[in-house]
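Q: Shown below is the structure under consideration.
The values are calculated or read from the model by the stated rules, or taken from the named source; none is laboratory data. These numbers were taken from a predicted model, which means no experiment stands behind them. Here the Cβ positions follow ideal geometry from the backbone for every residue, glycine too, while neighbour counts run over all protein chains shown. Side chains included, ligands, DNA and RNA excluded: accessible areas come from the protein's heavy atoms. Shrake-Rupley method; radii C 1.70, N 1.55, O 1.52, S 1.80 Å.
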Number of protein chains: 2
Amino acid sequence: MLNDTVLVHAPATIANLGCGFDVLGLALAAPYDTLRLRRTGAPGLKITHLDHYNLPTDPARNVAGAALLALLEKVDEPVGFEIEITKGIMPGSGVGSSAASAAGAVVGANALLGNRFSQLELVDFAMAGEAVASGVRHADNIAPAIFGGFTLVRALAPVLDVVALPAPPLWVAVVHPQIEVKTKEARALLPTAVPLGLAVRQWANVGGLVAGFLTANYGLIGRALEDYIVEPARAPLIPGLAEARRRALAAGALGGGISGSGPSIFMLNHDGETAHAVAAALGSVFAELGIPHDLHVGRIASEGARVVAE
Amino acid sequence: MLNDTVLVHAPATIANLGCGFDVLGLALAAPYDTLRLRRTGAPGLKITHLDHYNLPTDPARNVAGAALLALLEKVDEPVGFEIEITKGIMPGSGVGSSAASAAGAVVGANALLGNRFSQLELVDFAMAGEAVASGVRHADNIAPAIFGGFTLVRALAPVLDVVALPAPPLWVAVVHPQIEVKTKEARALLPTAVPLGLAVRQWANVGGLVAGFLTANYGLIGRALEDYIVEPARAPLIPGLAEARRRALAAGALGGGISGSGPSIFMLNHDGETAHAVAAALGSVFAELGIPHDLHVGRIASEGARVVAE
């Protein structure tokens, strides 16, 4: 007999990860969203937000709702869910807030349905949530939010291909300056074409970053994080970015960049002590600019969204 | 007391490796060039070819000579070399013929000088040979010719950064159709800019291929080899390419593509039996086209150019 209620934690994630625009991502141990799902016998979704962000509760317009609607299309029996969401991840912060709610919803629903779907199928469902949030079905936050660790979305089509990889021990420092960067606007800044030579340098870094993670080569990770294409285009959206990077590197960070489409900035670090010093360095820049900001320091999470209580 | 003569084998290499234009490469167990180097007390290089290719013997115009001249710039004492080269790798075949001679020369010279230079320095010297051969200082063949295995040239500048990685057991089938493809001409066909979306798909494959090699995930290797950018531009240079790929995949190849700038075509395979069947399939296409061709089947070489006798 399956339980009819689960409590799920769904992690924040960092997409792009420097050089890996649209394909690389990793999961953070904190912050995370908390979702309580109850299975009901009648079709239908009821979404309640226990937070103060005024997010839509109409299922088709809510990221968790849209993800669950995609999942329910593959369920034959009459099933519905009541979902209570507590956002631990601030919407618009650039650390995968929408992905966390979408991933948490489908992981919870899958548990209530006897785990009939694979993690890859859950990624596919949860992408429907991303389409609601940003207008684009992308998996670079969803993949780590489901699989945990370090992920590569090798292809979205013709067949979704996600490569889940172990990450070496690493600490992440994130600063979220409270300025608004809309994903759609950040996408509008992207170049439509890139010089071949620059694309080559970028894919050399993508290969280097994957190799660095898989061989725990911290120096290589630091060198390979550099993004030659997307960050230069988006840098004007985030005042203080260049100075934040300078101070983070001086404080010992391996490297970093814009998290997703911003405005958060992430830095990878060898150890927790360094990560805290780097967070302080990042925070100091925005304090001087008079921009309110949050800081997060934590390890990479080896697991993605998961049931924490039934 | 150092010996004054060494015999070196320097392997053929496959550059680009599908998706990894200008950055990925691997070393083949065969074919290889054989170089005999003798250290002389007086400055100067004397190059003799024991093969029938009529390659230049003027050191500044010979790939081995140019590489040795770059090395000798870093040597203070009066040293010269006599070099006898036997080309096991046909020039212009697209499996790193020039890189092998350049790599073999600097590896041999380094042995005669007490191995004072690192492998990375040897890559740097040997790139001078590539500049002679193709007009471009590139390291995608040189890196595997020196390090062996599977290599990623992460950056040429500001600091040369080569990542040498272990390869899983893999067999390579290569067909060399005897048509002329000049590296310079093949480069002229390249697009100067690529759509961002295509570049993203390409760097997803580069990351996937590196992950596939490092985790011995053969299915991923096969999927990730696909080149969306360079091979489509160069395909017209190689009649039979599409049919060769089709037959190779039908014979069990994981995947493959143009080796370097062609005309050789490589296919990676899980085992030797498959590799032989794939080579036969590749050969059948060019036999039907009436194009003379050579076939090579062998493992990836874990070592690069090396001294085999003193």
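Q: For region B:58-90, give me each residue that is under 15 Å from B:VAL123 (Cα atoms), open to solvent by 40 Å² or more (accessible area, probe 1.4 Å) and among the aliphatic types (A, V, I, L, M).
A: The initial filter retains those residues of region B:58-90 that are under 15 Å from B:VAL123 (Cα atoms), namely B:63-74.
Now restrict to residues that are open to solvent by 40 Å² or more (accessible area, probe 1.4 Å): B:69, B:73-74.
If the condition is that a residue be under 15 Å from B:VAL123 (Cα atoms), open to solvent by 40 Å² or more (accessible area, probe 1.4 Å) and among the aliphatic types (A, V, I, L, M), then B:LEU69 is the only one that fits.
Q: Regarding B:ALA139, is this residue at pLDDT 95 or above, assigned to a loop (DSSP other than H, G, I, E, B) and within 14 Å of another protein chain (Cβ to nearest Cβ)? Write out each step before concluding.
A: Details: at pLDDT 95 or above: yes; assigned to a loop (DSSP other than H, G, I, E, B): yes; within 14 Å of another protein chain (Cβ to nearest Cβ): yes.
Judged against the criteria, B:ALA139 is a match.
Q: Let me ask something else. Kindly list the number of the only condition in (1) without any contact (Cβ under 8 Å) to a residue 60 or more places away in the chain; (2) over 18 Å from the mean Cα position of the chain (by Cα) that fails for B:LEU37.
A: (1)
Q: On the given criteria, is B:ALA305 open to solvent by less than 60 Å² (accessible area, probe 1.4 Å) and not assigned by TED's automatic domain parsing to the domain that holds B:LEU220?
A: Working: open to solvent by less than 60 Å² (accessible area, probe 1.4 Å): yes; not assigned by TED's automatic domain parsing to the domain that holds B:LEU220: yes.
Answer is yes for this residue.
Q: Consider region B:161-180. How many of its residues are touching a Leu at 6+ places or on another chain (Cβ under 7 Å), touching a residue at least 40 places away in the same chain (Cβ under 8 Å) and within 13 Å of chain A (Cβ to nearest Cβ)?
A: 3
Q: Identify the residue in region A:181-202 that is closer than 19 Å to A:LEU225 by Cα and touching a residue at least 24 places away in the same chain (Cβ under 8 Å) and, among all such residues, is farthest from the other protein chains (Cβ to nearest Cβ).
A: Restricting to residues being closer than 19 Å to A:LEU225 by Cα and touching a residue at least 24 places away in the same chain (Cβ under 8 Å), the top hit is A:LEU198.
Q: OK, next. Given the structure, is A:ALA111 at pLDDT 95 or above, assigned to a helix (DSSP H, G or I) and open to solvent by 10 Å² or more (accessible area, probe 1.4 Å)?
A: Values: at pLDDT 95 or above: yes; assigned to a helix (DSSP H, G or I): yes; open to solvent by 10 Å² or more (accessible area, probe 1.4 Å): yes.
Considered against the rule, which asks whether it is at pLDDT 95 or above, assigned to a helix (DSSP H, G or I) and open to solvent by 10 Å² or more (accessible area, probe 1.4 Å), A:ALA111 comes out as yes.
Q: I've got another one for you. Does A:SER93 fit the bill of being of a type in the set (Ser, Thr, Tyr), open to solvent by less than 40 Å² (accessible area, probe 1.4 Å) and touching a helix residue (DSSP H, G or I) at 6+ places or on another chain (Cβ under 6 Å)? It would help to see each step written out before you state the result.
A: Details: of a type in the set (Ser, Thr, Tyr): yes; open to solvent by less than 40 Å² (accessible area, probe 1.4 Å): yes; touching a helix residue (DSSP H, G or I) at 6+ places or on another chain (Cβ under 6 Å): no.
Taking the combined requirement at face value, the residue does not satisfy it.
This table checks each residue for (1) touching a residue at least 12 places away in the same chain (Cβ under 8 Å); (2) of a type in the set (Gly, Ala, Ser); (3) within 14 Å of chain A (Cβ to nearest Cβ); (4) in contact with a strand residue (DSSP E or B) (Cβ under 9 Å, 6 or more places away or on another chain).
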position: B:LEU7; (1), (2), (3), (4): yes, no, no, yes
position: B:GLY18; (1), (2), (3), (4): yes, yes, yes, yes
position: B:GLY25; (1), (2), (3), (4): yes, yes, yes, yes
position: B:ALA29; (1), (2), (3), (4): yes, yes, no, yes
position: B:TYR32; (1), (2), (3), (4): yes, no, no, yes
position: B:GLY44; (1), (2), (3), (4): yes, yes, no, yes
position: B:HIS49; (1), (2), (3), (4): yes, no, no, yes
position: B:ASP58; (1), (2), (3), (4): no, no, no, yes
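Q: Let me ask something additional. Among the listed residues B:ALA111, B:ALA155, identify the single one that is farther than 19 Å from B:ASN62 by Cα, out of contact with any helix residue (DSSP H, G or I) (no Cβ under 9 Å at 6 or more places or on another chain) and of a type outside the set (Asp, Glu). Show your work before the answer.
A: Details: B:ALA155 fails: out of contact with any helix residue (DSSP H, G or I) (no Cβ under 9 Å at 6 or more places or on another chain).
Answer to the selection: B:ALA111.
For (1) under 30 Å from B:PRO191 (Cβ atoms); (2) at pLDDT 95 or above; (3) of a type in the set (Phe, Trp, Tyr); (4) crowded, with 19+ Cβ neighbours inside 10 Å, each residue gets a yes or a no:
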{"residue": "B:LEU2", "(1), (2), (3), (4)": "no, no, no, no"}
{"residue": "B:THR5", "(1), (2), (3), (4)": "no, yes, no, no"}
{"residue": "B:LEU35", "(1), (2), (3), (4)": "no, yes, no, yes"}
{"residue": "B:ARG39", "(1), (2), (3), (4)": "no, yes, no, no"}
{"residue": "B:TYR53", "(1), (2), (3), (4)": "no, no, yes, no"}
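Q: Conditions: (1) over 15 Å from the mean Cα position of the chain (by Cα); (2) open to solvent by 10 Å² or more (accessible area, probe 1.4 Å); (3) away from chain B (no Cβ under 13 Å). A:ALA133 meets all but one. Number of the miss?
A: So the condition that A:ALA133 fails would be (1).
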